[in-house]
Structures are given as C-alpha cells and as structure tokens.
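This report concerns only the one structure given below.
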Ligand SMILES: [Zn+2]
C-alpha cells in the first residue's frame, strides 16, 4: 500500500485518503506553441519504471494538493513537497540518486 505524508498538514495517510492527480512538473505549452507542443502538453505523459513525480491531493484530510517522488517499481517514497514547487527539492533528488546512481532530473532549460 502506498503511504504518503502530506507536506501541508503533516498527516501520514495511505492511498485510500488520497486522490492521484497524474504526473507532476508538466510544463505548459506557452503562447506561440506548435500544435505538436500543445498535443504533447495535453496528452503525453511519462510512464517510467523507477523514479517518478506525481501530484496527489489529501482528499480526506486537508484537501490540499502536494507532490510526491516515488519509485513506481518498488513503491519506495523519496519524499513529498508542496505543489507550488517548480522542481524537486535537492534532498529528494539526492535520495533518488542514492538509490539510482546515474539518475538525473530532467533539464527543461
Ligand atoms: Zn494534508
């Protein structure tokens, strides 16, 4: 069972108290984007085996959205952090790198 700690209220909850919201850190297609870029923004999502970043809502708790980093193969949770964060915090990236040497956060720039 997936167990996450809500960074907003501090409650540790199992997945029955949470609602998944899909992939985190999806970059919105900006003005002037091509049809292909808009299509990618709307429909294309990562589906990795390993470290993944997801949006979750503490549906039966504080009701707020947050982000979680976890391993999709082992369900190991690397950490949770506020939804307003634009990229994973350094301590979470370090935790992932410790378990998956060579793993790199994708670079959007
Ligand atoms: Zn909460």
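The values are calculated or read from the model by the stated rules, or taken from the named source; none is laboratory data. Computed from a predicted model, the values in this text were never measured in an experiment. Counting neighbours? That spans all protein chains shown, and the Cβs are built from the backbone with ideal geometry, glycine included.
More than 23 Å from residue 89 (Cα to Cα), over 12 Å from the mean Cα position of the chain (by Cα), within 16 Å of the ligand (Cβ to nearest atom) and at pLDDT 95 or above: does that describe residue 35? Spelling it out, it is not the case that residue 35 is more than 23 Å from residue 89 (Cα to Cα), over 12 Å from the mean Cα position of the chain (by Cα), within 16 Å of the ligand (Cβ to nearest atom) and at pLDDT 95 or above.
I'd like to verify a number: residues in the range 44-71 that are at pLDDT below 95 and farther than 14 Å from residue 105 by Cα, how many? Of the residues in that region, 4 qualify. Residues of the range 16-32 that are surrounded by 12 or more Cβ atoms within 10 Å (Cβ to Cβ) and either within 26 Å of residue 94 (Cα to Cα) or over 18 Å from the mean Cα position of the chain (by Cα) (or both): 18, 20, 21, 23, 24, 25, 26, 29. The one condition from (1) at pLDDT below 95; (2) under 15 Å from residue 76 (Cα atoms); (3) in contact with a strand residue (DSSP E or B) (Cβ under 6 Å, 6 or more places away or on another chain) that residue 25 does not meet is (2). Looking across the range 38-90, just one residue is within 16 Å of the ligand (Cβ to nearest atom) and exposed (fewer than 11 other Cβ atoms within 10 Å of the Cβ), and that is 84. Scanning the range 1-11 for residues that are surrounded by 11 or more Cβ atoms within 10 Å (Cβ to Cβ) and within 14 Å of the ligand (Cβ to nearest atom) returns 3, 4, 5, 6, 7, 8, 9, 11. Scanning the range 8-48 for residues that are touching a residue at least 40 places away in the same chain (Cβ under 8 Å), part of a loop (DSSP other than H, G, I, E, B) and under 15 Å from residue 64 (Cα atoms) returns 8, 9, 11, 18, 24.
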